[in-house]
1. Tell me which of these H381 doesn't satisfy, since it passes every other one: (1) within 22 Å of the chain's Cα centre (by Cα); (2) closer than 26 Å to N248 by Cα.
2. Hey, can you tell me all the residues within the range 287-315 that are of a type in the set (A, V, I, L, M, F, W, C) and over 22 Å from E247 (Cβ atoms)?
3. I'd like to verify a number: residues in the range 250-282 that are open to solvent by less than 20 Å² (accessible area, probe 1.4 Å) and within 16 Å of S315 (Cα to Cα), how many?
4. On the given criteria, is D134 among the acidic types (D, E), more than 27 Å from G215 (Cα to Cα) and out of contact with any strand residue (DSSP E or B) (no Cβ under 6 Å at 6 or more places or on another chain)?
5. Just the residues that are charged (D, E, K, R) and either in a strand (DSSP E or B) or open to solvent by less than 20 Å² (accessible area, probe 1.4 Å) (or both), please, taken from the range 66-88.
6. If you check V388 against the conditions, is it at pLDDT 95 or above and either open to solvent by 30 Å² or more (accessible area, probe 1.4 Å) or more than 22 Å from S67 (Cα to Cα) (or both)?
7. For the range 122-132, enumerate the residues that are open to solvent by less than 40 Å² (accessible area, probe 1.4 Å) and either within 12 Å of the chain's Cα centre (by Cα) or not β-branched (V, I, T) (or both).
8. Just to verify a result, which residue in the range 81-114, among those that are among the hydroxyl-bearing types (S, T, Y) and over 22 Å from G55 (Cβ atoms), is farthest from the chain's Cα centre (by Cα)?
Amino acid sequence: MKKTLQFGALAGAAALLLAGCASAAQPASDPADSAAAPDGPRVAVGYEGGVLVLGGDDYANLGEFDSEDFIRLNSAGDGRHVMVTTSKGFQLLDVQQPQLTDLVVPAATAGHVVSHGGKTVLYDDATSDTTIFDSAELATAGDALPKAEVVPGVTAHHGVSVELEDGTLLTTVGDESGRTGIRVLDEDRNEVASNDECPGVHGEGTAKDEAVVFGCENGALVVKDGTITKLTSPDEYGRMGNAYVSENSPLVVMDYKDDPDAEGYLLRDIALIDTTAGTLQKVALPEGVEYTYRGVARGPADEAVLVGTDGKLHSIDPATGQVTASLPVVDPWEGPAEWQDPHPSIKVAGSFAYVTDPADSELVVVDLTKGEIAKTVKLDHIPNEIAVVG
């Protein structure tokens, strides 16, 4: 049975809890002083202790807001909000105002945010509960959050869920000893399929025709047309944990790690999955090019774009793994000591890629259709995570 929850009262209570660690500070430039907010995309940039919003043709600083020392940022998929992950839950940042709102979806350990098919799906690692909003209703939220469906978890683990257009829910399975696979629930939340052949299941991505991919420590699971297929890595240990997808392409690019004892967070290989052919291929990047999970996205022509440790933005053919073009965007860099530490990240919206440069406290905007840097924006803070809306 579906469970629907009205978040109005909970959001208010959570906002009071947040008061000690986050405040909706006035923007650096108060939008009320201007006739209208500038058009164009909005870029939210997280830094130690806060988040700022850039917008307009010049990517001007539209507002800065205090938050916790480390936050995560994810687009809510509603064209208006970014989910700011804090110790209290998922806090809504309205990037159009801009304003760090008092609206919070409480979560003991806020985790993945997934938007697909008009739904915004939030996952609480501490309970394995899945909260599902209608994205259009979220976009029009005023002083209270809209109603949401909450699907109770079975056993707590670091997981993720995604809802398909027909109401089917795909959600991971695991417990404190490890993660093992996925469950498929119909729109009435009855289990209709499952698979436990995915040790360390992590991340998801939805490709063309709603083919959904989950990463495993020895391959990947592909869910398509109600069927779960296991694709096996070419190595005994071949971990994939993040899927970089285009909903216009059946080809999926995933990160790939073949050494469970490797130190640090840099990777040297990628995995290519064809969800139509049901194939998985490991591809080595050119010598001297490594990356982290934050450094890959998909471009306007469905190409993969990857920020390498050589400081270049590499365009990659998702069918072959071949690098087709490279553009210097930042100075060469070394891998982070901890995954939370600032290091180059990338997000793509439309034909533009947005690359953070922590070493120089800049945001580099790349026109992917022209293959050139469109603008470099100087920041007052060291950028960490980013999210783009618009």
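1. Failing condition for H381: (2).
2. Within the range 287-315, V289, V307, L313 meet the criteria.
3. The qualifying residues number 8.
4. Judged against the criteria, D134 is not a match.
5. D66, R72
6. no
7. Scanning the range 122-132 gives L122, Y123, D124, D125, S128.
8. My answer is S87.
The values are calculated or read from the model by the stated rules, or taken from the named source; none is laboratory data. Keep in mind it's a predicted model, so treat the numbers as computed, not measured. Heads up, the Cβs are rebuilt from the backbone with ideal geometry, glycines too, and the neighbour counts pull from every protein chain shown. Areas reflect the complete protein model, heavy atoms only, side chains present, ligands, DNA and RNA absent. Shrake-Rupley method; radii C 1.70, N 1.55, O 1.52, S 1.80 Å.
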